[in-house]
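One structure below.
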């Protein structure tokens, strides 16, 4: 049965791949990005029609509330929520600027908390599924990514707790933890060198992560889980 899927960070990378896969499965998709033009362009490119693009900075509570007011008023209750919006400001902790630390935590962690809270208002009556996008770094840690790792580790704990809170209302909450994926965040890395560190020998593709997200959205008896999609990177970190 077709559902309404809302994908934050849906205009590029993993979020875009998830939005496209949901549309291919016959779901109506709301693509949300800080850049309205990018969000609408992605929505217009999806198969099936009737998809929409919205602008929202997930770190700002008022913008999240307005976005969901528009979504529920225009499209109805949310069935699937995917939190793929994220940023990184990599640096050793001693060199990390306060404003960068706040920005990463507010976008990667607080932002997902705000979107989940807003989505639950419509999910409580009809059920639904949420997938947060974490990182293998949040599970294993990594030099030079203390703040980013903390934001993703916090998202993991949040996912576990929220899954327990809403399971009785037929709402499932899971997390996908990607490794090195071919996105803007890894554009500065050399795949032919860094890929050697990965047991499968290469970076992953956004579409491969999207398949894992879809599995968790559609699996009716899976909640409170972390699914690593990293080519085995966690085995060598």
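Just to be sure, is residue 203 modelled with pLDDT under 95 and over 30 Å from residue 98 (Cβ atoms)? Considered against the rule, which asks whether it is modelled with pLDDT under 95 and over 30 Å from residue 98 (Cβ atoms), residue 203 comes out as yes. Taking the conditions (1) assigned to a loop (DSSP other than H, G, I, E, B); (2) in contact (Cβ under 8 Å) with a residue 40 or more places away in the chain in turn, residue 87 satisfies each one other than (2).
With respect to residue 222, is the statement that it is touching a strand residue (DSSP E or B) at 6+ places or on another chain (Cβ under 7 Å), at pLDDT 95 or above and more than 21 Å from residue 20 (Cβ to Cβ) true?
Details: touching a strand residue (DSSP E or B) at 6+ places or on another chain (Cβ under 7 Å): yes; at pLDDT 95 or above: yes; more than 21 Å from residue 20 (Cβ to Cβ): yes.
For residue 222, the condition - touching a strand residue (DSSP E or B) at 6+ places or on another chain (Cβ under 7 Å), at pLDDT 95 or above and more than 21 Å from residue 20 (Cβ to Cβ) - is met.
Condition check: closer than 26 Å to residue 148 by Cβ and in a helix (DSSP H, G or I). Does residue 69 satisfy that? In short, no. Taking region 15-57 as the range and being in contact (Cβ under 8 Å) with a residue 40 or more places away in the chain, touching a strand residue (DSSP E or B) at 6+ places or on another chain (Cβ under 6 Å) and in a loop (DSSP other than H, G, I, E, B) as the test, the residues that pass are 27, 56.
Results for (1) buried (at least 16 other Cβ atoms within 10 Å of the Cβ); (2) within 20 Å of the chain's Cα centre (by Cα); (3) closer than 15 Å to residue 9 by Cβ, shown as yes or no for each residue.
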| site | (1), (2), (3) |
| --- | --- |
| 59 | yes, yes, yes |
| 71 | yes, yes, no |
| 75 | yes, no, no |
| 79 | yes, yes, no |
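Applying a threshold of 6 Å to beta carbon distances and a minimum spacing of six or more residues, or different chains, the list of pairs starting in region 190-212 at a residue that is farther than 13 Å from residue 178 by Cα and ending at one that is outside any helix (DSSP H, G or I) reads 191/203; 195/201; 195/202; 195/203; 199/232; 200/231; 200/232.
Residue 211 satisfies every condition listed in (1) touching a strand residue (DSSP E or B) at 6+ places or on another chain (Cβ under 8 Å); (2) over 26 Å from residue 106 (Cα atoms) except (1).
Residue 197 meets each of the listed conditions (1) within 19 Å of residue 89 (Cα to Cα); (2) over 21 Å from the mean Cα position of the chain (by Cα) apart from (1). In region 93-104, the count of residues that are within 30 Å of residue 141 (Cβ to Cβ), out of contact with any strand residue (DSSP E or B) (no Cβ under 9 Å at 6 or more places or on another chain) and not in a helix (DSSP H, G or I) is one or more.
So is residue 83 modelled with pLDDT under 95 and touching a helix residue (DSSP H, G or I) at 6+ places or on another chain (Cβ under 8 Å) or not? Walk me through it before giving the result.
Values: modelled with pLDDT under 95: no; touching a helix residue (DSSP H, G or I) at 6+ places or on another chain (Cβ under 8 Å): yes.
Criteria not met by residue 83.
On the given criteria, is residue 199 surrounded by 15 or more Cβ atoms within 10 Å (Cβ to Cβ) and in contact with a helix residue (DSSP H, G or I) (Cβ under 7 Å, 6 or more places away or on another chain)? Walk me through it before giving the result.
Values: surrounded by 15 or more Cβ atoms within 10 Å (Cβ to Cβ): no; in contact with a helix residue (DSSP H, G or I) (Cβ under 7 Å, 6 or more places away or on another chain): yes.
When the stated conditions are applied, residue 199 does not pass them.
Please go through (1) in contact with a helix residue (DSSP H, G or I) (Cβ under 9 Å, 6 or more places away or on another chain); (2) crowded, with 22+ Cβ neighbours inside 10 Å; (3) more than 30 Å from residue 144 (Cβ to Cβ) for residue 39 and return the number of the only condition it doesn't satisfy. Single failed check for residue 39: (1). Consider region 217-232 and keep the residues that are in contact (Cβ under 8 Å) with a residue 60 or more places away in the chain and crowded, with 20+ Cβ neighbours inside 10 Å. The one that is farthest from residue 182 (Cα to Cα) is 223. Kindly check whether there is at least one residue in region 147-160 that is buried (at least 22 other Cβ atoms within 10 Å of the Cβ), in contact (Cβ under 8 Å) with a residue 24 or more places away in the chain, touching a strand residue (DSSP E or B) at 6+ places or on another chain (Cβ under 8 Å) and farther than 26 Å from residue 237 by Cβ. No, that holds for no residue.
The values are calculated or read from the model by the stated rules, or taken from the named source; none is laboratory data. Please read all numbers here as calculations on a predicted model, not as lab measurements. Counting neighbours? That spans all protein chains shown, and the Cβs are built from the backbone with ideal geometry, glycine included.
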